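Scroll down for the structure; my scribbles are underneath it.
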Amino acid sequence: MIPTTIALLLAALGVTGSPVEPRAADGLNTRAVAAGKQYFGSATDNPELSDTAYVAGLSNTADFGQITPGNSMKWDTIEPSRGTFSYTKGDAIADLAAKNGQLLRCHTLVWYNQLPSWVTNGGFDNSTLISILKNHITNEVTHYKGKCLHWDVVNEALNDDGTYRTNVFYNTIGPAYIPIAFAAAAAADPSAKLYYNDYNIEAAGSKSTAAQNIVKLVKAYGAKIDGVGMQAHLIVGSTGSESVSAWTANMNAFTALGVDVAITELDIRTTTPATAAAVTQQAKDYATVIGGCKAVTRCVGVTIWDYTDKYSWIPSVFSGQGAALPWDENLVKKTEVYNAILNAWGTG
Ligand SMILES: O[C@@H]1[C@@H](O)[C@H](O[C@@H]2CO[C@@H](O[C@@H]3CO[C@@H](O)[C@H](O)[C@H]3O)[C@H](O)[C@H]2O)OC[C@H]1O
């Protein structure tokens with residue numbers, strides 16, 4: 001690297017083409033990386049990829065160093081009927097990440113939701129369902145081998161009270177379906193980091209403790225687990241325990257088990273239309289979450305669950321709620337919220 005003073009002198013002397021290294025543009029991702037994280041990222045989905053202005057924003061690597069498919073790598077898309085695999089939609093997201101030079105978080109292999117009825121209602125016995133589970137994971141992880149920084153291997157295996165959620169996998173195989181899934185994913189792509197992902201584990205409590213027990217379970221089985229994803233679908237004014245120290249204490253309970261943590265699906269919703277006071281509180285809430293991740297060395301990054309209210313999943317699921325993201329429905333940056341995230345990462 002040429003020292004800046006020499007580079008400026010060369011430029012003043014008219015020496016063109018001198019290798020002055022460009023500074024990375026300022027943005028949410030560059031600030032996160034400057035704070036020691038791997039990325040700040042966004043989820044995306046196939047329908048919005050035809051929106052040119054949207055894609056331009058998503059492809060701005062100053063803001064987004066990683067993308068996550070919101071739906072296109074889920075079981076119902078990938079293996080809609082037994083043994084028939086369809087990767088077109090997932091590939092479109094993976095290809096966009098590669099084209100932009102962005103990391104890819106792959107989401108998700110085993111979830112009770114968006115699971116085709118041939119699995120849910122198939123009436124399979126234990127050994128058949130284990131073989132279906134392993135086959136699905138092996139096929140999908142092999143297809144994306146080398147492309148996924150992370151895989152969300154198992155999503156939402158827990159109820160809010162910390163008990164196991166009953167679903168076809170739990171009911172047929174028992175909790176062993178979780179380590180079986182991790183072992184199959186590790187065998188198919190040894191270099192991908194493997195995550196357990198859930199909501200309402202951002203604050204200490206019975207569900208967080210149960211998620212820590214899942215880490216122990218997978219390890220006790222002899223399988224690899226690298227991280228825990230905290231979804232963080234939050235409500236304005238109630239960001240978990242509402243302080244950076246509460247976030248870090250909870251994250252540290254996971255990292256003490258030898259795993260990384262990541263905020264994987266962050267959005268902070270409010271009643272719509274959002275009031276000015278709600279937006280101000282939302283900016284503080286985003287800063288609290290970012291501050292929690294920043295303070296924990298093994299918190300590797302933060303992903304928002306799409307970047308604009310135009311494509312947020314919130315209004316369709318939580319009636320009367322929305323305005324959850326840092327860009328509005330017209331793809332206009334919400335300055336107060338955006339700047340709060342920037343500044344929470346630090347001055348860069
Ligand atoms: O009609 C469906 C539509 O309902 C579906 O919506 C998606 C549902 O999943 C959303 O992501 C999840 C959000 O919360 C966490 O619990 C999960 O880990 C995420 O996967 C996604 O954003 C919605 O788009 O999309 C497909 C349509 O056919």
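The values are calculated or read from the model by the stated rules, or taken from the named source; none is laboratory data. Predicted model only: the values in this text are computed from it and were never measured. Please note: Cβ atoms are built from the backbone with ideal geometry, for glycine as well, and neighbour counts cover all protein chains shown. Protein only, heavy atoms only, side chains kept; ligands, DNA and RNA dropped before computing areas. Shrake-Rupley method; radii C 1.70, N 1.55, O 1.52, S 1.80 Å.
Restricted to region 254-277, and to residues there that are closer than 13 Å to Pro326 by Cα and outside any loop (DSSP other than H, G, I, E, B), the residue that is farthest from the ligand (Cβ to nearest atom) is Thr270. Taking region 188-201 as the range and being closer than 29 Å to Ala249 by Cβ and open to solvent by 30 Å² or more (accessible area, probe 1.4 Å) as the test, the residues that pass are Lys193, Tyr199, Asn200.
Restricting region 147-174 to residues that are open to solvent by 60 Å² or more (accessible area, probe 1.4 Å) and farther than 18 Å from Ser117 by Cα, which is nearest to the ligand (Cβ to nearest atom)? This residue is Asp160. Restricting Lys89, Lys99 to residues that are of a type outside the set (A, V, I, L, M, F, W, C), in contact with a Pro (Cβ under 8 Å, 6 or more places away or on another chain), open to solvent by 20 Å² or more (accessible area, probe 1.4 Å) and outside any loop (DSSP other than H, G, I, E, B) narrows the list to Lys89.
The condition of being open to solvent by less than 40 Å² (accessible area, probe 1.4 Å) and away from the ligand (no atom under 16 Å from the Cβ) does not hold for Ala204. Would you check if Gln114 is within 12 Å of the ligand (Cβ to nearest atom), among the polar types (S, T, N, Q) and in contact with a Phe, Trp or Tyr (Cβ under 7 Å, 6 or more places away or on another chain)? For Gln114, the condition - within 12 Å of the ligand (Cβ to nearest atom), among the polar types (S, T, N, Q) and in contact with a Phe, Trp or Tyr (Cβ under 7 Å, 6 or more places away or on another chain) - is met. Each residue in region 175-187 was checked for being small (Gly, Ala, Ser), open to solvent by 20 Å² or more (accessible area, probe 1.4 Å) and in contact with a helix residue (DSSP H, G or I) (Cβ under 8 Å, 6 or more places away or on another chain), and 1 pass.
Only one of the numbered conditions (1) crowded, with 18+ Cβ neighbours inside 10 Å; (2) assigned to a loop (DSSP other than H, G, I, E, B) is violated by Thr297, and that is (1).
Within region 108-133, residues that are part of a strand (DSSP E or B) reach partners that are surrounded by fewer than 18 Cβ atoms within 10 Å (Cβ to Cβ) with beta carbons closer than 9 Å, at six or more positions or on different chains, in the pairs Thr108/Gln114.
Screening Trp75 on (1) hydrophobic (A, V, I, L, M, F, W, C); (2) within 12 Å of the ligand (Cβ to nearest atom); (3) touching a Gly at 6+ places or on another chain (Cβ under 9 Å) shows it passes everything except condition (3).
For region 39-57, the candidate set comprises residues that are under 24 Å from Trp111 (Cβ atoms) and crowded, with 19+ Cβ neighbours inside 10 Å; within that set, the residue that is nearest to the ligand (Cβ to nearest atom) is Ala43.
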